[in-house]
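**Q** Questions regarding the structure given below will be posed in turn.
The values are calculated or read from the model by the stated rules, or taken from the named source; none is laboratory data. If you're wondering where the values come from, they're calculated on a predicted model, not measured in any experiment. Note: ideal-geometry Cβ built from the backbone for every residue, glycine included; neighbour counts use all protein chains shown. Heavy atoms of the whole protein, side chains included, go into the accessibility calculation; ligands, DNA and RNA do not. Shrake-Rupley method; radii C 1.70, N 1.55, O 1.52, S 1.80 Å.
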Amino acid sequence: MQGAMAAPSVAPVTRQISGRAPPAPVPDPSGPESGQSLAAAVADLPVLDASGRRVLFGALFRERRAVVVFVRHFLCYICKEYVEDLAKIPKSFLQEANVTLIVIGQSSYHHIEPFCKLTGYSHEIYVDPEREIYKRLGMKRGEETTSSGQSPHIKSNILSGSIRSLWRAVTGPLFDFQGDPAQQGGTLILGPGNNIHFIHCDRNRLDHKPINSVLQLVGVQHVDFTSRPSVIHV
């Protein structure tokens, strides 16, 4: 779901990137739309940090704009590789644009630190273990078969990626999927306050927004993601 209905004062944020992107899916009637305000009932829901401390969702973007990326689950190889590229965004780029980058997963908070070590991600990250915020925002559960094209952020094919995900599951301290495997994610631009500037709810695991297209909407410099690490984590 995408929109461009915000007030003129925030037009640079809500402006969509032109190109050959597929048509936007029909909005989920259960979720909000861009140009609206985030409901207080959603802003007041808690997320957990890596130590298990409860933080109100709305407090994450109360003072400034935030790019908030909801991921499927921490064992998903696609999420892992997407977050590896999010990790490459220099903090100085975000600071110059006065923007916060936030990842939210849906596992136990115990999985946050290992996931950050695996991906090299050092920006803000939280979890919503009960998926309440996912549900209130209309994040899809299950997958549409519509092709989303080739992602610039995914390095593995489905076979090798799935094998590595399974290996991480069976070699971890607890055999679990670190979240609901059927849950899809999405990307939002929120704040300051409860302003919603942009929403994209993923239709399937490959339907995430290209990172630079989102960064352009908030005035963050273009990032070169072509440099790939030579070591593949398992």
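**Q** So the check is Cβ under 7 Å with 6+ separation or different chains; which pairs have a first residue in the stretch 51-63 that's open to solvent by 90 Å² or more (accessible area, probe 1.4 Å) and a second one that's outside any loop (DSSP other than H, G, I, E, B)?
**A** Correct list of pairs: R54/P46; R54/L48.
**Q** Among the residues of the stretch 179-197 satisfying the criterion of being among the polar types (S, T, N, Q) and open to solvent by 20 Å² or more (accessible area, probe 1.4 Å), which is nearest to V218 (Cα to Cα)?
**A** Among them, the one singled out is N195.
**Q** Here's a follow-up. Please enumerate the residues belonging to the stretch 92-110 that are over 16 Å from F225 (Cβ atoms), out of contact with any strand residue (DSSP E or B) (no Cβ under 7 Å at 6 or more places or on another chain) and of a type outside the set (S, T, N, Q).
**A** E96, A97, H110
**Q** Let me ask another. Quick one: is E130 open to solvent by 30 Å² or more (accessible area, probe 1.4 Å) and under 17 Å from T187 (Cβ atoms)?
**A** Against the criterion (open to solvent by 30 Å² or more (accessible area, probe 1.4 Å) and under 17 Å from T187 (Cβ atoms)), E130 does not qualify.
**Q** Hey, can you tell me all the residues within the stretch 208-217 that are assigned to a loop (DSSP other than H, G, I, E, B) and more than 11 Å from Y82 (Cα to Cα)?
**A** Matches in the stretch 208-217: none.
**Q** Now for a different question. Does the stretch 95-107 contain any residue that is out of contact with any helix residue (DSSP H, G or I) (no Cβ under 9 Å at 6 or more places or on another chain) and touching a residue at least 60 places away in the same chain (Cβ under 8 Å)?
**A** The answer is yes; a qualifying residue exists.
**Q** Inside the stretch 68-99, can you point out the residues that are open to solvent by 10 Å² or more (accessible area, probe 1.4 Å), under 23 Å from L38 (Cβ atoms) and not in a helix (DSSP H, G or I)?
**A** Across the stretch 68-99, the qualifying residues are R72, N98.
**Q** Contact list please: Cβ distance under 7 Å, first residue in the stretch 210-224 and on the phi > 0 side of the Ramachandran plot, second residue of a type in the set (G, A, S) and surrounded by fewer than 21 Cβ atoms within 10 Å (Cβ to Cβ), pairs at least six apart or on different chains.
**A** G219/A97
**Q** Determine which single condition E144 fails, assuming it passes every other condition in (1) at pLDDT 70 or above; (2) exposed (fewer than 14 other Cβ atoms within 10 Å of the Cβ); (3) in contact with a helix residue (DSSP H, G or I) (Cβ under 9 Å, 6 or more places away or on another chain).
**A** All conditions pass for E144, except number (3).
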